[in-house]
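The values are calculated or read from the model by the stated rules, or taken from the named source; none is laboratory data. The model shown is predicted, which means the values in this text are computed figures rather than measured ones. As a convention, Cβ positions derive from the backbone with ideal geometry for all residues, glycine included, and neighbour counts pool all protein chains shown.
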Amino acid sequence: MSLRAWLAPERRTDLIADPGERRAVVVEVVIVFAVTLGMSGLRSLLSLLDALLRPEPLAQQQVAINVPQATVGLIDLLRQLLSATQLFAWGALGLYLLWRAGVGLKAIGLDRARLGKDALGGVGLAALIGIPGLGLYFLARALGANLTVLPSTLGDTWWRPIVLTIAAAANAWAEEVLVVGYLITRLRQLGLHENKSLLTAAVLRGSYHLYQGFGGFLGNVAMGLVFGRVWQRTNRLWPLVIAHTLLDVVAFVGYALLRGKVSWLS
């Protein structure tokens with residue numbers, strides 16, 4: 001495959017022509033993201049503005065991703081599981097709306113036809129994104145453009161690694177289904193060029209990571225560009241979900257296990 005074909009994929013033909021249907025799709029997309037990741041992006045922007053207005057620099061501030069949600073262990077466990085369930089439901093909502101519109105699992109690459117290849121592709125994508133992403137994080141911190149990110153502040157309980165693994169899978173499912181499979185499909189149906197759809201999805205992905213700082217935003221935009229283009233070229237969503245899950249499992253569980261034992265971990 002040529003570089004030109006990779007950078008400028010051909011326009012798809014599954015365009016919605018009826019004006020009424022097009023308006024309905026626009027309204028649907030706005031509603032979906034107003035109650036899911038779009039709202040998360042707005043909250044994340046406010047979090048970043050709040051951090052910038054504090055007297056201490058960004059690099060001296062901390063933000064945690066997975067935090068305790070109750071003082072009683074059992075209640076905390078249940079609330080962690082409910083949070084993950086919500087994320088799985090967000091992804092399911094996107095799939096349901098596509099299915100109602102005639103776009104099935106196979107059409108976006110969530111069928112079981114190539115699970116072996118999808119798994120290998122996911123591992124490769126995780127390696128491609130993981131190491132440069134970690135380097136960008138440390139560079140952004142060194143430049144004072146990022147907060148110190150604590151992947152987990154959960155206590156040392158028997159269920160911590162289980163919950164963190166479930167959270168990783170839930171994050172991956174919600175983000176890849178909604179931001180790639182659902183959003184790019186809907187933008188494609190509205191006639192937006194593939195490159196513009198890709199950029200829109202990537203910026204959205206970056207927006208709900210703004211709470212981490214500018215490095216978190218740029219790193220996730222870059223990840224979105226790579227993941228989105230891979231999906232546009234292969235039409236397989238499972239590798240993205242698998243890669244994202246692996247990245248978050250390493251970050252969440254690895255951090256929880258190594259914090260206090262490795263000097264460069266906060």
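Beta carbons closer than 6 Å, at least 6 apart along the sequence or on distinct chains, pair a first residue in region 13-31 that is in a helix (DSSP H, G or I) with a second that is of a type outside the set (A, V, I, L, M) for V25/R186; V29/R186.
Residue check: R112 meets all listed conditions (1) surrounded by 12 or more Cβ atoms within 10 Å (Cβ to Cβ); (2) at pLDDT below 95; (3) basic (K, R) but one, namely (1). The residues of region 28-65 that are within 25 Å of A168 (Cβ to Cβ), of a type in the set (S, T, N, Q) and out of contact with any Phe, Trp or Tyr (no Cβ under 6 Å at 6 or more places or on another chain), listed by number, are Q61, Q62. Quick one: would you say L110 is more than 14 Å from V230 (Cβ to Cβ), aliphatic (A, V, I, L, M) and in contact (Cβ under 8 Å) with a residue 12 or more places away in the chain? For L110, the condition - more than 14 Å from V230 (Cβ to Cβ), aliphatic (A, V, I, L, M) and in contact (Cβ under 8 Å) with a residue 12 or more places away in the chain - is met. When the test is whether a residue is among the polar types (S, T, N, Q) and either in contact with a Phe, Trp or Tyr (Cβ under 9 Å, 6 or more places away or on another chain) or closer than 23 Å to L246 by Cβ (or both), T185 does not pass it.
For region 141-245, the helices (runs of 4 or more DSSP H) that sit wholly inside it and include 1 or more residues that are among the acidic types (D, E), surrounded by 21 or more Cβ atoms within 10 Å (Cβ to Cβ) and at pLDDT 95 or above are 160-175. Checking every residue in region 104-112 against the condition of being assigned to a helix (DSSP H, G or I) and more than 18 Å from A174 (Cβ to Cβ) gives at least one match. The requirement of being closer than 24 Å to Y211 by Cα, touching a residue at least 12 places away in the same chain (Cβ under 8 Å) and of a type outside the set (G, A, S) is fulfilled somewhere in region 90-104, by at least one residue. Of A51, A59, all but one fail to be under 21 Å from A251 (Cβ atoms), surrounded by 10 or more Cβ atoms within 10 Å (Cβ to Cβ) and at pLDDT below 95; the exception is A59.
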